[in-house]
Amino acid sequence: MPSEQPVRLYCFAHAGAGVSAFHGWAASVGPGVEPIPVLLPGRDRRRREPRVTTREALLDDVMRLFTGAPTAPFVLYGHSLGALVAYTIVRALHEAGRPGPALLAVGACPPPHMPPEPAYALGVPDAELLRTLNQMGVVPPGTPGTGTGGIWDRAVKPVLRDDLALARALRAAACTPSPAGPLTTPLLVVAADDDPTVSPAAAEGWSRWSEEPTSLRTVSGGHFFVRGQELPRLLGQACHAVRRAGRVTRTGN
C-alpha cells in the first residue's frame, strides 16, 4: 500500500442523529487516517430526502460508497443504530463477494440477536421514549420544545421513530442466515462502563457474528461516548494497525 494513502474510516451515527458527533475526529485519530462521516437521508443537508427504514433502501443509498476495488484498507465504525448499519454493509459486501473492510468496529449496540432495551423499541409511547432519552442524556429534563408541537416533537421525533424502524428491520435481516455464511471480518466492539442500555457483557455477544477474532474494549462514559475523545483515539490506533498491515479483507467466495 502506498504510504500516502490514508485508511478511510467510515462513520455511522446513532438514531436520530446526523454526523455532528464525528466533527473534530481528524485531529484525534492521527495522521494516516481519514474519517468519513456518512450522512443518511432525511437529516441535515439531506433533510428533504425520504428517510430509509428498510435494509433494501439503506443499501441502495450507501453501497455507492463501496463500488470498485479499494486501493487501500478501510474500516467501518457504527455507533448504536450505526453499528447495525455498518454490520449490514459488511454483510452485503460479503454476500456479493466484494472486498470488505479490514475491520468492523461497533459501539454502544447490543448484537443483533439481543433485543434492545424495551423502552427504546419501536412502538413505545412518546412519554416513555422521552423518559428513556432523558436517562440516556439525549433530552435532559426540562428541555424546551419537548411538548406536543414543540421542536423535538416536530423535527427530532419523526427522524428517531424512522430510525427505530430501520433498526428493527436491520436486526431482523441480520438474524436471517446468510447464503454466504458468517462474516470473515475482524470485529472491534466498544462499550462504555456507564452505558445504561448496553453493558460490556452484553456487547461481548458480538463475538458470535464473525468467524474472525473479536476484541472488546471498554471506555469511560455513557451511551454517547462517541462525543468524547477516548473513542476516536482508540479507533485511530486500530486504523494505524490496519495501515501497518496493509490489509483489505476479501469477502465471500
Worksheet item: Looking at (1) open to solvent by less than 30 Å² (accessible area, probe 1.4 Å); (2) assigned to a loop (DSSP other than H, G, I, E, B), can you tell me which one R91 breaks?
Response: (2)
Worksheet item: Of everything in the stretch 19-37 that's assigned to a helix (DSSP H, G or I) and touching a Lys or Arg at 6+ places or on another chain (Cβ under 8 Å), which residue is nearest to P73 (Cα to Cα)?
Response: V29
Practice prompt. List the number of the failed condition for V75; all other conditions in (1) surrounded by fewer than 18 Cβ atoms within 10 Å (Cβ to Cβ); (2) touching a residue at least 60 places away in the same chain (Cβ under 8 Å); (3) outside any loop (DSSP other than H, G, I, E, B) hold.
Written response: (1)
Worksheet item: Can you tell me which residues in the stretch 94-108 are among the small types (G, A, S) and buried (at least 24 other Cβ atoms within 10 Å of the Cβ)?
Response: G100, A102, A105, G107, A108
Worksheet item: Is there a residue being in contact (Cβ under 8 Å) with a residue 12 or more places away in the chain and within 22 Å of G97 (Cβ to Cβ) anywhere in the stretch 186-193?
Response: yes
Worksheet item: Could you say which residue among P41, P111 is closer than 17 Å to A174 by Cα and surrounded by 13 or more Cβ atoms within 10 Å (Cβ to Cβ)?
Response: P111
Discussion item. I'd like to verify a number: residues in the stretch 45-60 that are open to solvent by less than 20 Å² (accessible area, probe 1.4 Å) and either in a helix (DSSP H, G or I) or without any contact (Cβ under 8 Å) to a residue 60 or more places away in the chain (or both), how many?
Written reply: 1
Practice prompt. Could you figure out which of (1) out of contact with any helix residue (DSSP H, G or I) (no Cβ under 8 Å at 6 or more places or on another chain); (2) surrounded by fewer than 18 Cβ atoms within 10 Å (Cβ to Cβ); (3) at pLDDT 95 or above isn't true of T67?
Written response: (3)
Fill in: Residue check for A202: open to solvent by less than 50 Å² (accessible area, probe 1.4 Å), under 22 Å from S28 (Cβ atoms) and touching a residue at least 60 places away in the same chain (Cβ under 8 Å)
no
Worksheet entry | Subset of the stretch 171-199 [in a helix (DSSP H, G or I) and either open to solvent by 20 Å² or more (accessible area, probe 1.4 Å) or at pLDDT below 95 (or both)] | R171, A172, A173
Response to the item:
Those residues of the stretch 221-231 that are open to solvent by 70 Å² or more (accessible area, probe 1.4 Å) and not in a helix (DSSP H, G or I) come to a total of 1
Item to complete: Evaluate the stretch 5-18: report whether one residue or more is more than 17 Å from the chain's Cα centre (by Cα), touching a residue at least 24 places away in the same chain (Cβ under 8 Å), on the phi < 0 side of the Ramachandran plot and open to solvent by 40 Å² or more (accessible area, probe 1.4 Å).
Response: yes
Worksheet entry | Test set (1) crowded, with 22+ Cβ neighbours inside 10 Å; (2) not in a helix (DSSP H, G or I) - S215 fails condition number | (1)
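The values are calculated or read from the model by the stated rules, or taken from the named source; none is laboratory data. The shown structure was predicted, so the numbers you read here are calculated from the model rather than taken from an experiment. Heads up, the Cβs are rebuilt from the backbone with ideal geometry, glycines too, and the neighbour counts pull from every protein chain shown. To get the accessible areas, we keep the full protein, side chains included, count just its heavy atoms, and leave off ligands, DNA and RNA. Shrake-Rupley method; radii C 1.70, N 1.55, O 1.52, S 1.80 Å.
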